[in-house]
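Beneath this line is the structure, given in structure tokens, with notes to follow.
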Amino acid sequence: MIHHIINQLGVRDGGAEAVVRTLHMGLCARNVPSTLMAVSEPGVQGSCPYQSLNMSSPYTLKAVPALVRYIRANCDKQDVIHSHLFPGNLFVSLAVRLTGWPGALVTTEHSTSNRRRSKWWGPAVDRLTYARYDRIFCISDGVRDALDDWMPTLRSKLEVIRNGVALSFSKMPERKPGAKPVVVSVGRLSKIKNYDTAIRAVAMLDDLDFEYCIAGGGSENAALLQLCADLDVSDKVCFLGYVNDVAALLTRADVFLIPSRWEGFGLSAVEAMNAGLPVVASNVPGLSEIVGVDCGPTVDPDSPASVAEGLRGMLTDPDWRLACGRNAFTRSQQFSADEMVENYLCRYRDLGLAEA
């Protein structure tokens, strides 16, 4: 049995949550026993049901005794516990030690950066978190290298398993020329996603006729709307909110923009590439290795001028745009959900998973 434990699993949560759901469902499809547990939120039924510890917040220490009870009641010595995200991975590590459970404990590192690494107490907390883990899976080379730099003592535990996506398109979608090009970004409205820089870049392209659509909701919505008004680009920037059918949105776009300040992998970029979109991406570890060099320009996420330059090249050169889109579609095939699930299953078996 694989026991996946993560902070929360709301439908509108980010990339890590989507990956965990995909991994869990992929294991179940292979008749590998797998459970999905959220620290907070009630469990739900539907296409991917899960259980919950029903904590009021994923950050409450009350999660530790609840995890102790869960492990004692449900986890055999030949099972694997797989945690995702902080602080859940800290709480799982503490609970495993308190129970003395002897099975294999693994976690996935989903980002190249976090706030703990800028705090004086960060090293102590991360040493405590990671000490009990048998393997730390990193979703990209960039994530592995960042964690290795931060805590070299973990080096022997680190292993890269790249994220996988349920690819929507088996062949590149055809696009009909529209009245004006459409640039799309997909992701929650947070500082990490860096939409303020993207909007400033759009303001620098007032000589070009195009539309910029952002799919996602979040805490930065009001601030970004005000920024659009201040820069007089409200007629060019469209906030779509949460979008259920992202694949359909991508087929109506011409360019994908992912301007993140940091990004461990970039699931939305792979989905866009699979839709045959060229990608203007931040030149940051993790993301840049996934997008590659022939799927579109990489840009400096701290420079609106750099983002504007990348967009200008895509918007004014249809032949380059098409060539990058074709390359992107081909490259997306490397990141299938099936390959990710098989890679994890192989590692679980290496750790002694009993599948009976």
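The table for this structure:
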| read-out | value |
| --- | --- |
| Considering residues of the stretch 72-90 that are surrounded by 24 or more Cβ atoms within 10 Å (Cβ to Cβ) and touching a Ser or Thr at 6+ places or on another chain (Cβ under 8 Å) only, the residue farthest from L147 (Cα to Cα) | H82 |
| Among the residues listed as A337, A272, A253, A281, the single one being surrounded by fewer than 21 Cβ atoms within 10 Å (Cβ to Cβ) and not aromatic (F, W, Y) | A337 |
| Residue within the stretch 241-248 that is over 18 Å from the mean Cα position of the chain (by Cα) and polar (S, T, N, Q) present | no |
| Listing of helices (runs of 4 or more DSSP H) fully contained in the stretch 129-234 that carry 1 or more residues being exposed (fewer than 15 other Cβ atoms within 10 Å of the Cβ) and not assigned by TED's automatic domain parsing to the domain that holds A248 | 141-150 |
| R69 being surrounded by fewer than 17 Cβ atoms within 10 Å (Cβ to Cβ) and touching an Asp or Glu at 6+ places or on another chain (Cβ under 9 Å) | no |
| Residue within the stretch 278-288 that is among the hydrophobic types (A, V, I, L, M, F, W, C), free of Cβ contacts under 8 Å to residues at least 12 places away in the same chain and either assigned by TED's automatic domain parsing to the domain that holds D196 or not in a helix (DSSP H, G or I) (or both) present | no |
| Of the criteria (1) more than 12 Å from G187 (Cβ to Cβ); (2) in contact with a helix residue (DSSP H, G or I) (Cβ under 7 Å, 6 or more places away or on another chain), which one L267 fails | (1) |
| Residue in the stretch 90-99 that is closer than 29 Å to S260 by Cβ and not in a helix (DSSP H, G or I) present | no |
| Residue within the stretch 250-273 that is charged (D, E, K, R) and more than 24 Å from S113 (Cβ to Cβ) present | yes |
| Count of residues meeting criterion [touching a helix residue (DSSP H, G or I) at 6+ places or on another chain (Cβ under 7 Å) and either closer than 12 Å to V165 by Cβ or surrounded by fewer than 18 Cβ atoms within 10 Å (Cβ to Cβ) (or both)] in the stretch 321-330 | 0 |
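The values are calculated or read from the model by the stated rules, or taken from the named source; none is laboratory data. A quick note: this is a predicted structure, and the numbers were derived from the prediction, not measured. Because the Cβ atoms are built from the backbone with ideal geometry, glycine has one as well, and the counts that use them run over all protein chains shown.
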